[in-house]
Every structure is written in structure tokens, then in C-alpha cells.
Amino acid sequence: MDYGVTITRGASPWQIFQQGEDGTACIRLEGRYRLTRLSQELPLQFSDVPCAKTTVKARIALESTGESVVPWTECTVLEDGRWETVFPHVPAGGLYRIETYMDYEGWDGLSCTRGDMVHSIGVGDVFVIAGQSNAAGRAKNPVADDPELGVHVLRSSARWELATHPLGETTQAVHVGHYENHNPGHSPWLHFAKRLKHELGFPIGLVPCAYGGAPLRWWNPEENGALFTNMLEMLADYDIHPKAVLWYQGEAEGYEDSAETYFQRFSALVRHTRQALGQPELPFLTVQLNRCLENPSEKLDRQWGMVREAQRQAWHKLPHVTVVPSADLALYDFIHNSAEGNLVVGERCARAALAECYGRPVDWMAPEPESAVQTAPDTVEVRFSRIRNWLNPFEVPASLLPFEAEDAQGLAAPKAYETGRDSLTITFERPLGAGARLHGAWRMNPGAAIPSDCMRMPMLSFYGVPIGQE
């Protein structure tokens with residue numbers, strides 16, 4: 001029924017409002033009011049009453065206790081039966097509810113004063129999920145990753161809900177740009193959001209826009225750009241200017257033979273997203289590709305290696321872009337992360353977000369080659385940055401070490417190696433010629449043992465690192 005005060009625009013149940021730099025959000029509400037009274041003969045019937053001076057009021061209260069966060073505020077009442085109000089500084093936190101009611105001049109005890117309420121809203125940070133299937137989530141193996149109040153999702157139905165897996169499911173979808181032909185599964189982002197909520201103390205919202213199998217050209221507005229448009233339309237529904245973009249994509253580039261231009265095209269996506277949202281420093285939190293077990297070939301290996309290297313270079317060359325590794329994690333099938341692997345991705349991305357988006361002193365960066373120097377005709381010393389503990393190659397046989405050198409004669413595999421605290425000295429199966437380069441964990445399936453900073457994190461994959469001379 002539309003008696004009393006109704007809210008028609010400005011807030012929805014479960015909505016997370018993006019806070020500004022001052023830690024508050026501006027909430028604008030619009031609605032209608034209708035002067036009515038209960039019939040004395042038929043208590044469940046309402047009838048309109050003659051026009052009287054009317055006051056509409058609204059407040060924001062804590063759901064947990066009912067106490068006011070923003071006190072009762074008199075709204076602007078318009079002559080055509082509409083009302084509006086603005087709460088300019090709603091503090092980060094929640095969950096909150098919005099309440100409304102109305103007063104009449106000469107209220108007689110029977111006139112209706114009821115008003116709409118909006119429950120379970122919060123003020124915090126909103127993250128957009130973009131990319132392809134590992135961003136959408138495909139794992140169907142069981143793992144505990146419970147929903148939690150204060151972590152909410154904007155579904156493709158254009159409705160906010162409590163966040164539960166699968167985040168990108170499309171029941172009653174109105175945004176069909178990423179409408180998939182089968183259901184997604186477990187993804188990294190519920191765990192990511194819960195970790196941030198626990199650390200930061202305010203709600204986190206998620207907007208899933210990822211689409212399985214999507215190549216970068218479907219995101220880049222300088223090419224196809226359909227998913228870019230779909231993402232902007234979803235954000236525009238609630239005028240969201242997100243805290244960051246969660247990006248996990250690149251597997252499709254190998255099959256499209258387009259890896260060589262990945263860095264340039266990803267850079268274009270970052271630039272256009274920031275321009276479209278008016279956020280020139282919008283962070284992109286990215287994940288380097290995991291392995292793929294299906295039909296490997298040297299051509300596809302090189303495509304995977306080039307995409308991973310482009311992702312590593314984007315971190316170094318594009319401001320406010322981060323990257324975390326995933327090549328050490330278990331798969332659910334031939335290409336999609338397992339549910340337990342997704343938990344690790346979510347954890348790594350949350351740590352990157354805490355450091356890069358919130359300035360927390362969190363050690364999130366993975367090791368990578370700092371230098372590769374030829375110390376003998378067949379030997380290269382690789383020194384790694386950010387080894388906090390000690391480098392752990394898991395003592396695998398040299399043939400399983402995920403490194404190869406390449407020169408004009410082709411690829412050369414390791415035949416022996418020695419481990420230092422932060423270095424590997426690798427002897428290859430033959431002497432290396434001029435201009436040799438080093439690849440690490442680069443193939444579609446780089447093997448089971450990715451060298452790691454022990455007790456911390458595996459190295460990033462890399463491709464084509466120049467080998468210098470001693």
C-alpha cells in the first residue's frame with residue numbers, strides 16, 4: 001500500500017554506500033506521502049482526508065540497538081505529494097536502517113503516520129569484480145566460506161543482497177551483459193571482503209561483472225568493450241564510484257594469440273575505466289594467471305608466459321595497479337582455481353588492498369627476479385627481491401625447476417642448481433649465447449614447485465628477463 005510515507009528512491013535493503021575520503025557517505029532520499037486516516041467502521045480500510053499541514057521526517061538508526069546515527073530530520077515537503085531529504089555525512093559503519101514517518105496538523109489519533117523503512121544498509125567501500133571465469137568463480141568443491149552481515153553484493157538483478165556464493169548468479173537478471181550459459185561457483189571475493197571488513201571495521205560491498213571465457217577485447221572499449229559498458233551500467237544504477245577494481249583475466253588471450261599486445265590493451269582498459277568514473281587513481285588489484293592443463297603446446301606456453309609478464313609489468317609501469325601470484329594453487333578442473341585456492345587468492349588480494357588502498361603496513365608483495373647474471377658460459381645466478389625468510393625451491397630435481405634460458409639456439413633447461421638465501425645459481429644443459437633471456441614459471445603448466453619465500457609467498461612468474469654479463 002502507498003499510505004503514509006513511501007520511499008521511492010535513494011536506498012535499497014542491503015545496499016552498501018561508498019564512503020568518501022572523509023569516511024562518510026551522502027544519502028539522498030525521495031518519496032511520496034499520502035494523507036489518510038483509519039475508518040472507524042472498518043479499521044483495516046483507509047480513506048483520504050482533507051489537505052492539512054504535513055511534516056515528513058526521517059532518521060538513520062543502528063539495526064542492532066535502534067539508537068539514532070542521524071537524528072530525526074525534517075524533510076522537504078513538496079506540493080505535489082512528494083518529499084525529499086539529504087543526509088550529507090552518514091558515518092562509515094552499519095548495519096543501519098532508515099525510518100520515516102509523518103505528522104499532521106491537528107492529528108486526531110486515527111490519521112495514518114506510518115512510514116517506509118529500509119533495512120540492513122551500510123556505509124563502507126565497494127569493489128567491482130571484473131575479468132573472466134576465475135574472477136566469476138567456477139569451483140564447485142566444498143569449502144567453508146560463510147556469508148557474513150556487512151558483506152553484501154549487488155546482483156545482476158540490480159538488487160543488493162547478503163553476499164553468498166555464487167556471487168555472479170543471474171536469477172532475475174536485468175543486467176545481462178555478463179549473463180552466462182551456466183552457473184558460476186565459488187570465487188575469491190567473499191573471503192576477500194570478509195578479511196577487509198574484519199581489518200577495517202566497516203561494511204564491504206561487491207559488484208560482480210565478470211564473464212567466463214571473456215577475452216580482454218570484450219572489456220577494452222577501444223575494441224569490443226561490451227563488458228566495460230555493462231559494468232558502467234551496473235555502477236550507474238546506484239551511482240557507485242568504487243574503491244577499486246578486482247581484475248582476474250588473461251586465459252582467453254592465449255587461445256586468441258593476442259598476448260603480445262596484452263599490456264597495451266590492459267593499459268587502455270585501466271585508462272578508460274578511470275576516465276569514465278572520474279577516478280584518475282582508481283586502483284586495479286590484479287591476479288597473475290594460474291596454470292592450465294589442457295593441450296599444452298610451446299605456442300600456448302609462450303602466450304601464457306607473455307600474459308603473465310604483461311601482468312607483472314603492469315604493476316611496475318601503471319600507477320595504482322597491483323598483482324599477486326596464483327601459479328602455486330590447486331585447480332578445480334583443467335583451468336579453474338579450486339575453492340581452497342580461491343581462499344588464498346582472496347587473502348593475497350586483501351593484503352594488497354590493505355597496503356595499497358588503506359596504507360596499512362602489510363607485507364603483500366611477491367618475490368620476483370631482481371637480477372639474472374651469467375657467471376659462466378652455462379651458468380646464471382638469479383637473485384630475487386623481497387625474500388624475507390629464505391628462498392625455497394622445494395629441493396626438486398633440476399629437471400623440474402620451472403626455469404629455462406633462451407638464446408638464438410632456442411630453449412635450454414637446467415641440469416643443476418644451488419640455492420642461496422635469496423638466489424638460485426642455475427647450470428643449464430649447454431652454454432648460453434649472446435642476448436640470452438630467462439623465463440620462470442612461464443609455461444601453461446609450470447610444474448608443481450614454484451620457488452617461494454618460505455613461510456610467505458611464491459615468486460611471480462616472468463618471461464624474457466635479460467641475462468646480464470658478470
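Key figures
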{"quantity": "Most to least packed among 451-461, 401-411, 337-347, 57-67 [average Cβ atoms within 10 Å]", "calculated": "337-347, 451-461, 401-411, 57-67"}
{"quantity": "Sites residue 159 and residue 241, calculated FRET efficiency, Cβ-Cβ separation with R0 25 Å, nearest 0.05", "calculated": "0.80"}
{"quantity": "Separation of alpha-carbon centers, the stretch 373-404 and the stretch 140-216, rounded to whole Å", "calculated": "39 Å"}
{"quantity": "With Cα atoms, 0 to 90° folded angle of helix 189-200 axis to the chain main axis", "calculated": "70 degrees"}
{"quantity": "Square roots of five times the Cα gyration tensor eigenvalues for the stretch 109-246, Å", "calculated": "28, 19, 15"}
{"quantity": "Residue-wise HN-Hα coupling along the stretch 291-301, computed from phi with Karplus coefficients 6.51, -1.76, 1.60 (Hz; x: Gly, Pro)", "calculated": "7, 9, 9, 8, 6, x, 8, 4, 4, 5, 4"}
{"quantity": "Residue 389-residue 224 pseudo-label distance in nm [points 7 Å out on the Cα-to-Cβ vector]", "calculated": "4.2 nm"}
{"quantity": "Solvent accessible area, Å² - residue 191, 1.4 Å probe, full protein context", "calculated": "40 Å²"}
{"quantity": "Inter-label distance for residue 63 and residue 279, nm, one decimal - labels placed 7 Å from Cα along Cα-to-Cβ", "calculated": "2.3 nm"}
{"quantity": "Signed unit charges on C-beta, dipole axis of the stretch 101-193, positive-most listed residue 150, 129, 160", "calculated": "129"}
{"quantity": "Mean Cβ count within 10 Å, highest first, over the residues of peptides 416-428, 125-137", "calculated": "125-137, 416-428"}
{"quantity": "Listed candidates (i) 100, 39, 39; (ii) 61, 60, 40; (iii) 63, 47, 43 - label of the one calculated as Cα extents along the principal axes in Å", "calculated": "(i)"}
{"quantity": "Size of charge dipole - the stretch 226-274 - debye, nearest 20, with Cβ of Lys, Arg +1 and Asp, Glu -1, no other charges", "calculated": "320 debye"}
{"quantity": "Prolate/oblate/rounded call for the stretch 278-389, Cα gyration tensor, a/c under 1.5 rounded", "calculated": "oblate"}
{"quantity": "Computed magnitude of the charge dipole of the chain (debye, nearest 20; Cβ of K, R +1, Cβ of D, E -1)", "calculated": "220 debye"}
{"quantity": "Helix 339-356 axis, angle to the chain major axis (alpha carbon atoms, nearest 10°)", "calculated": "80 degrees"}
{"quantity": "Theoretical FRET efficiency, 1/(1+(r/R0)^6), r = Cβ-Cβ of residue 333 and residue 261, R0 30 Å, to 0.05", "calculated": "0.60"}
{"quantity": "Signed unit charges on C-beta, dipole axis of the stretch 327-454, positive-most listed residue 425, 391, 410", "calculated": "391"}
{"quantity": "Above-threshold pairs, the threshold being 28 Å between Cα atoms, out of 140/415; 57/197; 299/415", "calculated": "140/415; 57/197"}
{"quantity": "Full-extension gain in nm, residue 21 to residue 103, via 0.36 nm per residue minus C-alpha separation", "calculated": "25.9 nm"}
{"quantity": "Estimated vicinal HN-Hα couplings, Hz - the stretch 442-459 in sequence order (Karplus 6.51, -1.76, 1.60; Gly, Pro = x)", "calculated": "9, 6, 3, 10, x, x, 7, 10, 9, x, 9, 6, 4, 6, 9, 7, x, 6"}
{"quantity": "By average C-beta atoms within 10 angstrom, highest first, the peptides 246-256, 82-92, 356-366", "calculated": "246-256, 82-92, 356-366"}
{"quantity": "CD proxy at 222 nm, helix term only [per DSSP H run n ≥ 4: -39500 (n - 2.57); per residue of the chain; nearest 500]", "calculated": "-6000 deg cm²/dmol"}
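The values are calculated or read from the model by the stated rules, or taken from the named source; none is laboratory data. Treat the numbers as computed from the prediction; the structure is a model and nothing was measured. Quick reminder, even Gly has a Cβ in these numbers, built from the backbone with ideal geometry, and neighbours come from all protein chains shown. Heads up: the accessible areas ignore ligands, DNA and RNA and are worked out on the full protein's heavy atoms, side chains in. Shrake-Rupley method; radii C 1.70, N 1.55, O 1.52, S 1.80 Å.
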